[in-house]
Each structure stands twice: as structure tokens, then as C-alpha cells.
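**Student:** Take this structure first; my questions come after.
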Ligand SMILES: [Zn+2]
């Protein structure tokens, strides 16, 4: 009798220690292929019309996520309703018409001319060309009262994605010098022009810099604009019919209580943006068919499927810490949902000790995971253990010069001090293969390697599990630019 009890106890102990050492078994069981990828297929379906923050279909996506959260039994935080954090976003409608005329050439709004800052305007003024609009370019130039035309970007680079970073600086510098408008030359070919053209031809987020100085982009692939400006004394800008509006937006938020009596007062937050960029104004032939819907499979239906699967898993197997799950809106229009949450958190920010965001542009290496922010927080060992368990190599930022860390939702929380890297699919090199899909109509489920996606999502859940169970509060690496904010947030000074 005694012997039997002992051996029973022994095998129970063995069983439980096995269960603890092998969370992969439970993760795998709760993430069968079709169930795990159902949210991906649904969110990326044509019916959701590209999940633009400004389109009605985004609310179908939000409702779907919230009802899944409810079905898993997630708790609601203060200030949400049906798991929705509902708020208004200040937007401006697209201009009804607009043009920029210089010499005998007229650039037309929505075709080869868009407005990136400011509202309706009618203006004729002298024009001047100012190189890249750098401090050096402007030292000996009189721009007062003038329309200033510059090359887009900061130097001779052809980088498209970073142009907005330099725009702010130029805009501010030119305003101080008394310029009346800034026009940037976008010199890349038509395929690359489509992205900003489409974005700025629709409703866009109002920006504090809107009132500073109007800013425009002109598509000038043949490089004729600078000569035209040099040979002309004046230019005319006309933009009309763009009006301020408010957009109703929703973050979807739920949580699972931790099991450890002490650690459960701390939260790990698992985040992904569920919005994408909507519908192209002009359909395009893509891989043999006419298409106009940006399905956003990689960016970021896959990430949302990851958060949903993590919620399903942790609802059944809670971690030591509590876990908060957020599907953010408005990321593509400037991290709007995550910024709103960071300013209006439904859980006090100093209770959130870590954010593991998940966001993707594409992948070209199915043997790895790239964590944007690897090496910057103390959670690297947990990340490594989780990826290794799924046979995936762990790498950091594939293109540090792109500033990816500061371009997804994780930065909204990082700026508040919360250690917050972003989990990404395998990118060996940020090359043409990635750009072929990134914010393109061809970001479809088509040839996505579903078995890799499944592994990637499972490793994400396991990483969150290890971090949530780790008794030591995560930190930034000493000297990180967000370390001071960390000390302030958690009163570590
Ligand atoms: Zn994204």
C-alpha cells in the first residue's frame, strides 16, 4: 500500500516536472495548423478590404478578435467595453482636387502630386530649388516667402521608407527661415511611387506639424523638376476640399491572471496591430489577376494570429505573471492605436514589465526569427531558448539603418520605459524579395510557407511564456536610449 502510494506520488511528481519542462507539448496541442491560421485567413480575406483604419470593415476585424477573446474567457480591463478601447482619431479627408504648376508643367493631385502636411491652400509664390534642404544647402539661400523644392530624403540615398523622418526636420528648418511651402521630389520609379501616392490620396491622420508649413510630394522619376524650378520665377499650389474629421477607432484588449501570488501583479503585454493599408485607388495586374485589395497577410494578419493563439494558450495554461493581450489599430497611419494606449493605459503602465510585440513586413529565411531589439533587453536568453525549442535560429535587426525598432507599436511602450522588442519572421537580408511584398498588393496568402508560420507563432508563444515565468524583472541593456525612461517608470532611481 505504502509502496504503491509512494510510487504514485513519484510518478505524479515526474509527470508534473515533465509538464513544466515541456510547455511546447501544450503549445503544440493548442495550435493545430488550421485553427491557428483561421484568424490569418479571415483577417487577410478580401471581404475585410485591407483593414484600413478609416474603412468600416476594420470594425468587423475588431469584433472578430473581441469575440475570440471572450470565447477564451479573457478578463476585461477597466475602461473597455466588449474588450474594445474606443477612441476618436483626428483625421483629414483627401483633397477633392489639387495641383502644382511650375513653368508650363502641371502636376495633378492623386496622380503625380500629393499633400503630406497641411490643409486646403491656394498660393502663388517664387520657387527655389534647395538640394536636399539640409542646413548646408540652405545657408546661402534666400527662401523667405518662397515655395522651396527639395530632393526627398537626407542625401543621395534612394531609401523610400525613411523619408518622413527627414521631412519633419526640413519642414521645421524651412518654417524658421520663412518659406511658405515645401515640395519634395520623389525620384523613384512608378512602382515605388504607388505607396506614398495611395497613402496620401486617402484620409490621413492629422499631424501637429500640419499647421507649421504645407508639404507636398511630386513624382519626378525623369528628374525634370529641379531644372524646371531653376528656369521659373514662380509656382502655384492649389489644394481644396480636405476637411478635418474624427474616426472611431478600437484597440482590442483582454487579459489572463497570473498564477504566482506575487508575480501576478506584474504584466507582460503581447501586442500586434490588426490594421493594414486598405484598398488601392487604381487596380493593378498582380500575378495574372487584377487586384486592388491590400490583404496584409505578412503585415500583420500573421502577428494577430500569433496574439490570438497566445491568448488561447495562456487562458488554459496561465503563466506566473499576468498577461495582457492587445490588438492595436492605426499602426499603418502612424502607430496611432499604440500611442493612444500608451497615453490612456487600461492597466497602469508601471505594472507592465515587458512588451513582446509581433509585426512583419515579410520573410526570406524560414530557418530563423528576427527580433527587432535583440541585444537591447535582458530577455535575450528567454527568446533564444524559445526559438531554439522550435529549431529556429535567433537574429536581431536585419537592417539597423532602417530604424525598424522605432517604426512599430513596440516603440510607443518603449518610449514610456517598458522593455519592448518586436518579434519578426526570418529576414536574412532586407532585399527586393521582401520589398516585393511589403505594403504591396501581393502580400497575400498565396505562397506563404504555412508550416514555417506555425513554427514561428509557436515560438512566439513559448518566448512569452519564458519571459512571463522568469522571476527577474526584465530591464533594458545598460546605456540603452530608453533606460532613463525605464528608471523613471518603475521608480528605480
Ligand atoms: Zn506592420
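**Student:** Can you say whether residue 451 is in the same structural domain as residue 52 (by TED's automatic domain parsing), surrounded by fewer than 17 Cβ atoms within 10 Å (Cβ to Cβ) and outside any loop (DSSP other than H, G, I, E, B), as far as the supplied structure shows?
**Tutor:** Values: in the same structural domain as residue 52 (by TED's automatic domain parsing): yes; surrounded by fewer than 17 Cβ atoms within 10 Å (Cβ to Cβ): yes; outside any loop (DSSP other than H, G, I, E, B): yes.
It is true that residue 451 is in the same structural domain as residue 52 (by TED's automatic domain parsing), surrounded by fewer than 17 Cβ atoms within 10 Å (Cβ to Cβ) and outside any loop (DSSP other than H, G, I, E, B).
**Student:** Taking the conditions exactly as written (outside any strand (DSSP E or B) and out of contact with any strand residue (DSSP E or B) (no Cβ under 9 Å at 6 or more places or on another chain)), does residue 210 satisfy them or not? Talk me through it step by step, then tell me what you get.
**Tutor:** Values: outside any strand (DSSP E or B): yes; out of contact with any strand residue (DSSP E or B) (no Cβ under 9 Å at 6 or more places or on another chain): no.
Answer is no for this residue.
**Student:** So, in segment 260-307, how many residues would count as being within 27 Å of residue 458 (Cα to Cα) and within 16 Å of the ligand (Cβ to nearest atom)?
**Tutor:** 22
**Student:** State whether the residues of segment 458-471 include one that is modelled with pLDDT under 95 and surrounded by fewer than 18 Cβ atoms within 10 Å (Cβ to Cβ). Outline the logic, then answer.
**Tutor:** Applying the first criterion (modelled with pLDDT under 95) to segment 458-471 yields none.
No, segment 458-471 has no match at all.
**Student:** Next question. Restricting the search to segment 460-472, which residues are closer than 18 Å to residue 420 by Cβ and assigned to a helix (DSSP H, G or I)?
**Tutor:** Step one: of segment 460-472, the residues closer than 18 Å to residue 420 by Cβ are 460-461, 463-468, 470, 472.
Those that are closer than 18 Å to residue 420 by Cβ and assigned to a helix (DSSP H, G or I): 460, 461, 463, 464, 465, 466, 467, 468.
**Student:** Please find, within segment 98-142, the residue that is nearest to the chain's Cα centre (by Cα) out of those that are under 13 Å from residue 213 (Cβ atoms) and crowded, with 20+ Cβ neighbours inside 10 Å. Quick ask: steps written out before the conclusion?
**Tutor:** The initial filter retains those residues of segment 98-142 that are under 13 Å from residue 213 (Cβ atoms), namely 115-119, 121, 123, 125, 133.
Pick out the ones that are also crowded, with 20+ Cβ neighbours inside 10 Å and you get 115-118, 133.
Working: 115: 22, 116: 19, 117: 21, 118: 24, 133: 28 Å.
Once the filter is applied, the top-ranked residue is 116.
**Student:** Can you list residue pairs whose Cβ atoms sit under 6 Å apart, with the first residue in segment 289-303 being not assigned by TED's automatic domain parsing to the domain that holds residue 436 and assigned to a helix (DSSP H, G or I) and the second being modelled with pLDDT of 95 or more and more than 8 Å from the ligand (Cβ to nearest atom)? Count only pairs 6 or more apart in sequence or on different chains.
**Tutor:** If the second residue must be modelled with pLDDT of 95 or more and more than 8 Å from the ligand (Cβ to nearest atom), no pairs are left.
**Student:** May I pose another question? So which residues in segment 404-439 are more than 12 Å from the chain's Cα centre (by Cα) and on the phi > 0 side of the Ramachandran plot, if there are any at all?
**Tutor:** Residue satisfying the conditions is 417 alone.
**Student:** For segment 390-428, what are the residues that are part of a helix (DSSP H, G or I), under 20 Å from residue 468 (Cα atoms) and more than 15 Å from the ligand (Cβ to nearest atom)?
**Tutor:** Passing the criteria: 413, 414.
The values are calculated or read from the model by the stated rules, or taken from the named source; none is laboratory data. The structure displayed is predicted, hence computed values, not measured ones. With ideal geometry, Cβ positions are generated from the backbone for all residues, glycine too; neighbour counts draw on all protein chains shown.
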